1. Any idea which residue in region 212-221 is surrounded by the most Cβ atoms within 10 Å (Cβ to Cβ), counting only those that are touching a residue at least 60 places away in the same chain (Cβ under 8 Å) and part of a helix (DSSP H, G or I)?
2. Which condition number does K235 fail, the rest of (1) farther than 21 Å from D336 by Cα; (2) in contact (Cβ under 8 Å) with a residue 12 or more places away in the chain; (3) outside any helix (DSSP H, G or I) being met?
3. Can you name the residue in region 471-501 that is surrounded by 10 or more Cβ atoms within 10 Å (Cβ to Cβ) and more than 25 Å from V175 (Cβ to Cβ) and, of all such residues, is modelled with the lowest pLDDT?
4. Just one of V274, V264, V201 is at pLDDT 95 or above, open to solvent by less than 20 Å² (accessible area, probe 1.4 Å) and in a helix (DSSP H, G or I); which is it?
5. Could you list, in sequence order, the residues of region 230-254 that are open to solvent by 10 Å² or more (accessible area, probe 1.4 Å) and either more than 40 Å from the chain's Cα centre (by Cα) or more than 30 Å from E350 (Cβ to Cβ) (or both)?
6. Tell me, please, whether a residue that is touching a residue at least 12 places away in the same chain (Cβ under 8 Å), assigned to a loop (DSSP other than H, G, I, E, B) and surrounded by fewer than 16 Cβ atoms within 10 Å (Cβ to Cβ) can be found in region 290-313.
7. Take the residues in region 315-336 that are touching a residue at least 24 places away in the same chain (Cβ under 8 Å) and open to solvent by 90 Å² or more (accessible area, probe 1.4 Å); name whichever of them is nearest to S150 (Cα to Cα).
8. Just to be sure I understand, how many residues within region 145-186 are surrounded by fewer than 11 Cβ atoms within 10 Å (Cβ to Cβ) and either within 23 Å of the chain's Cα centre (by Cα) or among the basic types (K, R) (or both)?
Amino acid sequence: MDDPFLHLASLSSYIAQQFVQFIEDLICREILGWSEYLVDFGGLLVNFTSDGGCRTVPEACSFPSRVSDTGTSFRIHARRSSYVNDNLPVNSLLEIVRSNQSYGGFRLIFEGLMLPVYGLRFTWKLTLASWGCFISHIRCALVQVQSVISRVRTSLRGSSDDIGWLQQAPEMAPVVDGSARFRELLQDIRNGQHTLPDSFVYLLIPGFFSNHGPLYFVSTKKFFLKMGLTCHIAKIHSEASVEQNAWELKQCIEELHWGSGKHVMLLGHSKGGVDAAAALSKYWHDLKDKVAGLAFVQSPYGGIPVASDILRDGQIADKETRRIMEFLICKLIKGDIRALEDLTYEKRKEFLKNHKLPDDIPLISFHSEASIALNVIATMSHIAHAELPWLPLPGFGEDESENVIQAGCKVPVIVPVSAALALCALHLQLRYGEKSDGLVTCRDAEVPGSVVVKPDIKLDHAWMVYSSWRKDPNEADASEMCEALLTMLVELGMKRKEVVC
């Protein structure tokens with residue numbers, strides 16, 4: 001019986017030689033390229049030794065049980081070829097192997113010589129890729145710089161190209177100056193001559209933020225009621241969009257007309273005039289027999305630079321500014337951002353292009369210029385009343401019941417509105433060279449085809465609706481000016497009827 005250790009040593013030697021032979025086969029296929037040419041002889045296993053011998057082995061016997069000791073053998077598996085005969089003699093195979101040996105050596109030398117070329121090619125491609133990446137970054141930087149420059153230019157230019165666009169539009173009707181007649185009517189009213197007829201219902205339409213000013217138009221309404229006139233303040237959401245307020249005004253006008261049987265005279269301040277004009281232009285078919293005229297009081301009919309400068313796209317920090325305004329208007333005061341957006345020049349141009357005012361209605365445009373003098377800083381506006389609770393105060397009477405006095409009163413709320421509007425007017429004058437009431441420029445307040453009224457005194461945007469804390473008895477107040485405007489509007493309506501007749 002054979003020694004098992006001898007068999008184990010033989011098996012180990014066989015496995016080692018097979019591993020070495022496997023490595024040699026890999027070298028022959030991958031480096032010398034022999035496998036590219038021997039694969040054409042399918043079904044054969046070619047063995048060649050170092051002494052030049054060669055023999056063929058069937059494919060089924062790819063791993064013999066005993067390894068030859070004559071020399072190191074190379075074992076290569078061949079694949080069938082469609083263009084080489086399977087019965088080639090062994091000497092021919094040996095010649096092919098030898099030729100492939102010489103060609104593989106030449107190929108190895110050639111590839112070694114081509115290494116610098118490959119290195120140069122790789123370096124060139126890497127340089128091109130780096131240069132392309134560099135150019136791409138430069139282009140991105142240039143685009144960002146151009147975007148910043150464009151935003152800076154847009155911010156600096158502001159509303160310079162938009163202010164007064166109504167006067168530059170050739171299709172807009174010209175305006176007529178009626179300031180002289182207005183001053184005559186105002187002087188007659190101050191002298192006690194009130195000619196405003198009671199055959200109309202007078203509807204006062206408030207503007208932006210009027211819901212947060214309880215005294216908005218209140219003094220004017222009381223003034224009209226004392227004269228026996230029917231006067232109402234439109235109950236609309238001042239921070240709603242123009243289209244929504246136009247629909248609400250249409251319903252309000254129809255209710256007043258049906259309830260009284262009288263025509264309605266409209267007087268809109270600031271955004272209220274824009275809302276009233278939108279109601280007439282969109283629903284004139286339903287309102288032409290119910291509305292007798294419309295007076296615009298400091299209304300941004302063409303747009304307002306403040307709104308455009310805040311919400312303009314493409315300027316510096318445009319998205320951040322819009323978020324702030326959305327928070328203030330939508331979240332804080334429960335309004336609609338479209339209320340401010342509808343007053344921008346872009347939205348006004350779009351709206352007026354699609355909705356024009358009717359030609360057969362009397363129109364008056366009233367605009368003023370705010371004072372920018374230093375003394376206006378001390379001017380305070382009375383916008384509301386604050387009612388104090390009933391507080392127990394000590395008394396000094398003999399009776400015990402008089403020792404405690406229940407006290408309660410209303411305290412006026414005054415704010416420096418005029419000072420803020422004076423600063424805005426100074427800003428608009430320095431930046432655009434335009435005269436304004438602090439918010440609306442004079443040119444944007446002139447409605448095409450209307451009679452323009454320019455007072456001879458300087459008034460800010462809030463003066464017509466909020467009375468000053470200290471009134472000057474020698475000057476007309478806001479209620480008298482509103483009466484003069486509506487009286488003038490009645491005269492325009494009568495003249496139109498005479499011309500038609």
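1. Filtering region 212-221 for residues that are touching a residue at least 60 places away in the same chain (Cβ under 8 Å) and part of a helix (DSSP H, G or I), the one surrounded by the most Cβ atoms within 10 Å (Cβ to Cβ) comes out as T220.
2. Of everything listed in (1) farther than 21 Å from D336 by Cα; (2) in contact (Cβ under 8 Å) with a residue 12 or more places away in the chain; (3) outside any helix (DSSP H, G or I), K235 misses just condition (1).
3. K471
4. Numbers: V264 fails: in a helix (DSSP H, G or I); V201 fails: in a helix (DSSP H, G or I).
None of the others qualify; the one that does is V274.
5. The answer is T230, H232.
6. Pass one, region 290-313, residues touching a residue at least 12 places away in the same chain (Cβ under 8 Å): 290-312.
Those left that are additionally assigned to a loop (DSSP other than H, G, I, E, B): 290, 298-304, 312.
With surrounded by fewer than 16 Cβ atoms within 10 Å (Cβ to Cβ) added as a condition, the list becomes none.
No, there is no match, as no residue in region 290-313 is touching a residue at least 12 places away in the same chain (Cβ under 8 Å), assigned to a loop (DSSP other than H, G, I, E, B) and surrounded by fewer than 16 Cβ atoms within 10 Å (Cβ to Cβ).
7. It comes out as I316.
8. 4
The values are calculated or read from the model by the stated rules, or taken from the named source; none is laboratory data. Quick caveat: nothing in here was measured; it's all calculated off a predicted structure. Using ideal geometry, Cβ is built from the backbone for each residue, glycine included, and neighbour counts are taken over all protein chains shown. Accessible surface areas use protein heavy atoms only, side chains included; no ligands, DNA or RNA. Shrake-Rupley method; radii C 1.70, N 1.55, O 1.52, S 1.80 Å.
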